[in-house]
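Reviewing the structure listed below.
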């Protein structure tokens, strides 16, 4: 059932509320006959109610955004002082004077480790096991293999300059047969065809 936008009359004495109807709009209360009549609010309809709802919802959203920013916003993390600096700050001074509050140790959210009690632990590094077909390649071997690969590519490019297909095929076969040349795609394709 939808709400109406008509204004309701309300008797101030007996609190009776009604919608005025008919041609003779009387200013008398139909319940008690009193003329002390007022107008009640429109209720959940009209522009005033919509504006109140809009304002209250926007304030709630703004509150959620502010709370979210405070809770999850950017944080300014301070660097924790090292254990040695904390140990030197906590030692009393030789002259017997007290430390100013700025130089007092800040032990909030930090753990002080006494180096005499807990010596630093050394972590032994063990090499990872290698498979049977793996080996370590030195830089010299890597440079040599790169040079051999470049030479084999140059030799195969020289074969491309051949005039006919038969001489080109013979040139490629000779270059691929050389033991010092690296296996290139052309040689591997040729071996696969044979």
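The values are calculated or read from the model by the stated rules, or taken from the named source; none is laboratory data. Small disclaimer: the values here were computed from a predicted structure and weren't measured. Methodologically, a virtual Cβ is constructed for each residue, glycine included, from the backbone with ideal geometry; neighbour enumeration extends over all protein chains shown.
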Number of the exception - residue 43 against (1) at pLDDT 75 or above; (2) in a loop (DSSP other than H, G, I, E, B): (1)
Yes/no for residue 37 being closer than 30 Å to residue 11 by Cβ and at pLDDT below 70: no
